[in-house]
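Taking it in order: structure first as structure tokens, then the write-up.
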């Protein structure tokens, strides 16, 4: 067990019905319930997520 072993592991899959909303599938907050915007709508995934950075 290294120091960074817990960072690379995915969290346990959660049921959106019991979690109370859509569950984040990837990224640093995976497994958590997706956050909401100020108007109450669920936040969307960023349009540039998953693409490499432009240099």
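The values are calculated or read from the model by the stated rules, or taken from the named source; none is laboratory data. Everything quoted here is computed from the prediction, not taken from an experiment. Methodologically, a virtual Cβ is constructed for each residue, glycine included, from the backbone with ideal geometry; neighbour enumeration extends over all protein chains shown.
Within the stretch 16-29, the residues that satisfy the criterion of being in contact with a strand residue (DSSP E or B) (Cβ under 8 Å, 6 or more places away or on another chain), on the phi < 0 side of the Ramachandran plot and either at pLDDT below 80 or in a loop (DSSP other than H, G, I, E, B) (or both) are 22, 24.
Find the residue count for the stretch 36-55, including only residues that are surrounded by 10 or more Cβ atoms within 10 Å (Cβ to Cβ) and either at pLDDT 85 or above or more than 12 Å from the chain's Cα centre (by Cα) (or both). Total satisfying the criteria: 3.
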